[in-house]
Amino acid sequence: MKLATLNNGSRDGQLVVVSRDLSRCLPVPDIADTLQDALDRWEQVKTDLEGVYRGLNDGLHAEALPFDQTQAHSPLPRAYHWADGSAYVNHVELVRKARGAEMPESFWSDPLMYQGGSDTFLAPHAPIVMGSEDWGIDFESEIAVITDDVPMGVSAEQAGSHIQLLMLVNDVSLRNLIPAELAKGFGFYQSKPSSAFSPVAITPDELGSAWQGNKVHLPLRTWLNGDLFGEPEAGVDMTFDFAQLVAHAAKTRHLIAGTVIGSGTVSNYDRSRGSSCLAEKRMLETIEAGQPSTAFLRFGDRVRIEMTDAEGQSLFGAIDQQVQPYDGTE
C-alpha cells in the first residue's frame, strides 16, 4: 500500500491513497483525515485503506485524481517523534578517520541516535531555505520507518512487527555548525534544520523480496545538479537493521504511533557506489589528498533522491529540492 499527504493549506494536510505506479490518488476522509489519524487507529483502518489501494490499482474509483508529487507534503508534515540513527557504521568510522580519531568499539554494538526537531518537515519538492552558504549546507540521503505504538523495552525480535511504513529522507545538515555544537557536549540543534521525506510512504510488502531482515535491499540514488552522485546499496553494510533501531529507541520509553526513525546516511565500503552526502565525499578526499576539494551546497544547487524497484519503477516518488537563500519574509 502507498500513502501520501496532499498539501491542502492545513498543517497536517489531507491523506490520500496512491496507486502503485504513482499516477493516481484518492482522498479517504471517510477512513482517516490525516496520516497521523490513520496511524493512531492503524489496526482499525488498515484493511479499509488496503481495499481502496486495490481498487485504484484495478482501475476502479473513477473519482480518483492525478497524483502530482509537487503537491505532496512529507507523508507526516509534522510528527510527535523523529529520531535518526547512524546504522552504517562504516560511514561513522570514515568520519572519525578523516580527523585522525579512533572509533570506540561500542559503536559496533550500540547504535548512535539523536532526536531531531519534528514540528515541521519540508515538503519533498520544497526548497531548502538557508540564511548562509557558510553554514556548510549538506544533504543526507536516508531511509526511514514509521511505527505504530511501540512498548518500552521491546526486543529487536518483536520490534520489526511495529514497522508499518517506510519513506526516503533528506536529513539536511549544516556541517560547519556541527563541531561547535558537539563541543558543548549537548548534541545537535542549530546544525540539524528541518528534514524532507519522500512524497509517498509505503508498507514493507511493497518492496517484495527487497525487504529482508528489516532492511531495504535496493540502491538509494542521489543526483546533484543532474549528475549521479551516489547509489550505495541500502541493504549492504547496514550494521543495525530497522528493528534494532526501533528497539534501541524504545529502551527507556514507549514510542507513540507515528514515530519516525531514520537509518542515517546510507553508505557502502565499496566506494565505487558513490556517497549519500557531501561530507563523506569530502572525507574520502581528505584521506587521499590531505584536504577536501568538493564544496558544500551553494544557493541554486539541486538535490534529487529516489529509489526504484528491479523494473525501474519509482517506489516512493522523488525528493527534489533546490537550495535557496532566506530573505527573511517567512
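The values are calculated or read from the model by the stated rules, or taken from the named source; none is laboratory data. The shown structure was predicted, so the numbers you read here are calculated from the model rather than taken from an experiment. Here Cβ is always computed from backbone atoms with ideal geometry, including for glycine, and neighbour counts include all displayed protein chains. Keep in mind that these areas ignore ligands, DNA and RNA; they rest on the heavy atoms of the full protein, side chains included. Shrake-Rupley method; radii C 1.70, N 1.55, O 1.52, S 1.80 Å.
Below are the figures for this structure:
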quantity: Single condition residue 257 does not satisfy, out of (1) small (Gly, Ala, Ser); (2) touching a residue at least 60 places away in the same chain (Cβ under 8 Å); (3) touching a strand residue (DSSP E or B) at 6+ places or on another chain (Cβ under 6 Å); calculated: (3)
quantity: Near pairs, Cβ below 6 angstrom, 6+ apart or cross-chain, from region 312-330 (over 12 Å from residue 199 (Cβ atoms)) to any residue that is small (Gly, Ala, Ser) and at pLDDT 95 or above; calculated: 326/131
quantity: Among residues of region 304-317, those that are more than 15 Å from residue 230 (Cα to Cα), of a type outside the set (Ser, Thr, Tyr) and open to solvent by less than 30 Å² (accessible area, probe 1.4 Å), counted; calculated: 3
quantity: Number of the condition not met by residue 306 [criteria: (1) among the acidic types (Asp, Glu); (2) within 16 Å of the chain's Cα centre (by Cα); (3) over 26 Å from residue 68 (Cα atoms)]; calculated: (3)
quantity: Region 185-204 - residue that is free of Cβ contacts under 8 Å to residues at least 60 places away in the same chain and in contact with a strand residue (DSSP E or B) (Cβ under 9 Å, 6 or more places away or on another chain) and, of those, surrounded by the fewest Cβ atoms within 10 Å (Cβ to Cβ); calculated: 190
quantity: Residue, farthest from the chain's Cα centre (by Cα), within region 231-268, restricted to residues that are open to solvent by 10 Å² or more (accessible area, probe 1.4 Å) and closer than 20 Å to residue 76 by Cα; calculated: 254
quantity: Output for region 283-303, where each listed residue is within 23 Å of the chain's Cα centre (by Cα) and open to solvent by 60 Å² or more (accessible area, probe 1.4 Å); calculated: 298, 299, 302
quantity: Flag for residue 159 being crowded, with 19+ Cβ neighbours inside 10 Å, under 20 Å from the mean Cα position of the chain (by Cα) and part of a helix (DSSP H, G or I); calculated: yes
quantity: Residue within region 268-275 that is in a strand (DSSP E or B) and of a type outside the set (Val, Ile, Thr) present; calculated: yes
